[in-house]
Structure formats: C-alpha cells, structure tokens
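Below you'll find the structure, written out as structure tokens, and then a few comments.
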Amino acid sequence: MGLSQGKALIIGEPGLGKTTSVEYVGTLLHRIPLGTIWRAEVSGHPEQTEEKIIGRPDLGKLNLGEEFVIWSHFTLLPIKIVDEINRLPETKQSMILNGVDRGNWEYLNDAVINEEYCLFATANYQDRGTNTIIAPLMDRFDVMVESRHPGANLAGLLGTNGNPETLLRNEALEADFQAVLSERIPYQERLKKLGTLSDQFGEYLSTQLHIHSLSFEERQLIYEQIGRIPFDVDFEAFLRMVIAEFSFCHHYGQKRSGEVCGDGCHFTGYLCGAVKNCISNRFPKSARNLSRTLAWLLGDETVGLQHLEAVLPFTLAHRIVWKDQNIAESEEEYRNDPVEIHLAKKAVQQIMRRYREQSHRVKQALSAAYSISEGEATDPVEGDHPLFHIILKDLGREAP
C-alpha cells in the first residue's frame, strides 16, 4: 500500500503484529526513525479530539489575535497510522474523512495538503470496547486485509533473535525530526528539512545496518513507473462486469441501500441479488491502483486479468453489505478467511466463471458501444449479463 500511496485497513485479533508490521514498513519506506513514527501515531479511544489528531491553535499567538495552527506529527508525516480505529466513537470518525480520502487536513482557516502519503489503520475484532466503522470511512480504504496468526512453529521463534526495534531507532536523528516537526515554519519548508533528515537516516540504515531503504527520488520514480503501466482489454472488460454486478438493479435502476429487490427477478442469480448496497466510485480507482502496483512488483509490462483477480477480494470485502441469507450460508462453510474476505473471494470466482464463458461477447459489446458513441452505424451486442443491459441503457436503447 505504501508504494501505491493508498489506504489499508488491517483487521485481526489483538497482539498479532498489525501495528508493529506497519511501523517497520513505514520506517524503511519513508526513512523515518521508528521513534518518530511512534510519536505520530493516532490511538483510537473515546477521548480522542481533533486537536490531538490534526492540529491545535498556537495559544500564545491566539491571545494576540492571530490564528496560527500547530499541526500534529500525524498530519505532517507521509506515513500515517491509526491504531485500533474502531475504538474511535462513530461521531469522531468523521473528523478524519477528508484527510483519509485526499490527504487534505484542515483546522481553523488553514490546511495541509500532503503531497505524498499512505495511511494504515488497524482494527481488532468486535468486543465491548469497539464501535462500528462508519460506511463513509470504510469506503475510503483501498483494501482490507487480515493479520493472521503465523502458526505455532513460527510463533515459537518470535523474540529469539533480539529486538528489531532497537535497530530501527536513532535517538539523535529522532530528536532532530522532533525539532523540525515542532518548528513554526511553512509546510513546504518543513518538507525540505524532513527530506534532509530522511536521507541521513537512510545513510545510517545503509552503512550501519546494511538495510536498503527508499529515498524520496526512488519513491517518486516508482510512482511514475506504476502510473505508466497500461491496462489490457481483459482487465477493462472484467472490471466492468464486476462493477455491473454490484451496482445493477433491473427493478429500481441501480442498487440502493434502502430498496429491497423482490423475489422472482430474472437477475436473482447474479450478485446484485445478494447485496444490499451499491458499490462506490472509489472502488474502480482502488482496483486499478492496486492491480498496477502488483504488476510493477512482478515486473509485468501490462496490467491484466490475473492482477485484477488477485486484488479484487481485498478491495471489495469492506465495501459490500451482504444480505443476511448470504452471511448465514457462509457460517456453515469451511473457510480460511474472515467472512467478509471469504464472501468477496467467492464473489470474484463467480464473476470470473461468467467472464470466461462470455468474455468474447462482452468485449464485442464494449467495442460496439464505443463505435456507436463515435457515430458509427452499427448494432449493439445484446446478452443476459447485467453489463449488456447497462450498455443498452447508456446508449438510450434500454431493454424492457
């Protein structure tokens, strides 16, 4: 997620390394000492406030009639971690919606817009101290993954080779980071100083520990390389089939959370009949970014069906609200994943089977629709999948 500048929700039981793993990744990806990352983390708890998370007024200047914001380290650093996000009350989760979505953090009449950032939030499974993560916040995460127990053999080895935290700390540089983060200087000027310190920490990691980390220039190059990888035809066609099944409703025009489809619909066998809500427009962006990043990691020159199929369950799992019947059926099944990811994987398998059966016709339909939109005199391609009906509707030739 760090390489795609995305947002990840990591779920799991307490003590399985959700937050620790992210801290280590952030240290190496952004060349920030571990102690500095610790100080910038936001902890989820009922007493959390906007002043603790985003920023607070400089009281000295405020007494003189001047508004000046002291931004939190969480706001300023490119690696952002929210620990146990579902312990934030639902009313307080809305405080971070814009920041999580766009990296745009506002307080009083000032704002910080992060040029580079990634966000990781961890959440334990529901207990008496947790709250429901509100739907608008949940949808802003690109992926949801589970931090799983490593198994008895690997877990038994933990702690036998010392404490890696001591290696990723540098108290002198942490003090320098603290000083720059606390300075009352413009954001851009602060970024330059932080960049210099990050390079020094990268040099420390390389010379003292023989650990490679990424410089700002290397990260920018990676972002550019990822953004240039093209999508092939199968990627585009299959993604449209997925969006169609999670947004289409023959009776009401589209899926809506407040409307329930009746029995006997012709499309009951498709996934539109198994979900309560409509997939959001953030989903395609998440699927594209993660697929591209996976293709880059594998060294592939194009983004194809295999990349999309691999990331889809994790970009869908937290966005879908399943009907109670589907959840109940999954409780009887043997599975290796939490129910949300399990159902998302099953859904992707179903759509993939349909795509393999109809891929040629789907691509014909999309090609014909493009030709018609360009003014060519040709007939649209019809079929039984919701995507064909959506294409006809977009062309003004909706089927009855």
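All of the numbers you see were taken from the coordinates with simple rules; none came from a lab. All of these numbers come straight from a predicted model, not from anything done at the bench. Ideal geometry is used to build each Cβ from the backbone, glycine not excepted, and the neighbour counts take in all protein chains shown.
Tabulated data
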read-out: Cβ crowding within 10 Å averaged over residues, with 380-388, 202-210, 271-279 ranked highest first; value: 271-279, 380-388, 202-210
read-out: Rounded tilt (10° steps) of 339-373 against the dominant C-alpha axis of the chain; value: 60
read-out: Ranked packing of 61-69, 314-322, 18-26, most packed first, by mean Cβ within 10 Å; value: 314-322, 18-26, 61-69
read-out: Centroid-to-centroid separation of region 344-371 and region 126-191 [C-alpha atoms, Å]; value: 39
read-out: Subset of 52/80; 323/346; 255/345; 7/193; 7/255 violating a 18 Å alpha-carbon distance limit; value: 255/345; 7/193; 7/255
read-out: Around residue 48: net Lys/Arg minus Asp/Glu count, Cβ-Cβ under 9 Å; value: +1
read-out: Highest-first arrangement of 344-350, 178-184, where packing means the average Cβ count within 10 Å; value: 344-350, 178-184
read-out: Inter-centroid distance (Cα atoms) of region 250-275 relative to region 221-242, Å; value: 29
read-out: Loop-located chymotrypsin sites (Phe, Trp or Tyr not before Pro) in region 240-290, at most 14 other Cβ atoms within 10 Å (DSSP); value: 252
